[in-house]
1. Give me the pairs: first residue in region 153-172 and part of a loop (DSSP other than H, G, I, E, B), second residue open to solvent by 60 Å² or more (accessible area, probe 1.4 Å), beta-carbon distance under 7 Å, and six or more apart or on different chains, which are they?
2. Kindly establish whether LYS80 is among the basic types (Lys, Arg), open to solvent by 60 Å² or more (accessible area, probe 1.4 Å), part of a helix (DSSP H, G or I) and more than 21 Å from TYR131 (Cβ to Cβ).
3. Please determine whether any residue of region 51-72 is in a loop (DSSP other than H, G, I, E, B), under 17 Å from PHE148 (Cα atoms) and within 16 Å of the chain's Cα centre (by Cα).
4. Considering region 134-146 alone, what residues qualify as being within 13 Å of ligand 1 (Cβ to nearest atom) and not aliphatic (A, V, I, L, M)?
5. Scan region 54-73 residue by residue and report those that are over 29 Å from LEU173 (Cβ atoms), open to solvent by less than 80 Å² (accessible area, probe 1.4 Å) and away from ligand 1 (no atom under 11 Å from the Cβ).
6. Among PHE134, PHE148, which is the only one that is crowded, with 21+ Cβ neighbours inside 10 Å and within 16 Å of ligand 2 (Cβ to nearest atom)?
7. Quick one: how many residues across region 104-133 are within 13 Å of ligand 1 (Cβ to nearest atom), in a strand (DSSP E or B) and not basic (Lys, Arg)?
8. Going through region 151-168 one residue at a time, which ones are surrounded by 12 or more Cβ atoms within 10 Å (Cβ to Cβ) and more than 16 Å from LYS78 (Cα to Cα)?
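The values are calculated or read from the model by the stated rules, or taken from the named source; none is laboratory data. For clarity, every value in this text was computed on a predicted model and none was experimentally measured. So basically every Cβ, Gly included, is an ideal-geometry build from the backbone, and we count neighbours across all protein chains shown. Ligands, DNA and RNA are excluded from the accessible area calculation, which covers all protein heavy atoms including side chains. Shrake-Rupley method; radii C 1.70, N 1.55, O 1.52, S 1.80 Å.
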Amino acid sequence: MRAYYYDNVPGDQRLPHDYSPSRPVSEETLKALQVEHWVVPVDGHLPKINAIAEERGYKNRDLINVSKEGMGEIYEEKIKTFFEEHMHEDEEIRYILSGSGFFDVRETPTDEWIRLAVEPGDLIVIPAGIYHRFTLDEANQIQAMRLFQDEPKWIPYNRSEATDTNPHRIEYLKRVGVRA
Ligand code: KMT
Ligand code: NI
């Protein structure tokens, strides 16, 4: 997984949007934002994924295939929703099985976008309360395992004044050491 600051150049969300020269983001910065990341090779991944799921209490999982073929008529709408800046009240845990894409997470307190280029074998945890979004890249396909702590709650709360005062947002800012 490569992590770098998003260049904010208007245009196709599926392009890399890497500054030239690139502005890489370190593991320490991601840790400080509480974004966690492991690499688990896809070949023979299940025992390792099961162990991580057990240790962290991820009791449920399913598979999602984001592509025109995989989603049919809801595809265009989903692509739009995934890319709207939002937060959740739970962690968003994804293990990439095939294809590729970009998760963008907001750095705090700078409010800069950090782009995470994910590929097969990447397991990422996007913490509850962080603002983020997702897009496919130009290859237009990703398959991922979604893991959940309890019931799958898939409510995206789009960023607004209401989310700025959401208890899970406030809690997140406290955890990363920033006052709201
Ligand atoms: C989400 O919630 O943003 C997604 O599931 C995106 C696709 S998973 C790589
Ligand atoms: Ni999300």
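1. Hits for this filter: ASN166/TYR157.
2. Judged against the criteria, LYS80 is not a match.
3. No, there is no match, as no residue in region 51-72 is in a loop (DSSP other than H, G, I, E, B), under 17 Å from PHE148 (Cα atoms) and within 16 Å of the chain's Cα centre (by Cα).
4. PHE134, THR135, ASP137, ASN140, GLN141, GLN143, ARG146
5. Result: GLY72, single match.
6. PHE134
7. 11
8. Of everything in region 151-168, those that are surrounded by 12 or more Cβ atoms within 10 Å (Cβ to Cβ) and more than 16 Å from LYS78 (Cα to Cα) turn out to be PRO152, ARG159, THR163, ASP164, ASN166, HIS168.
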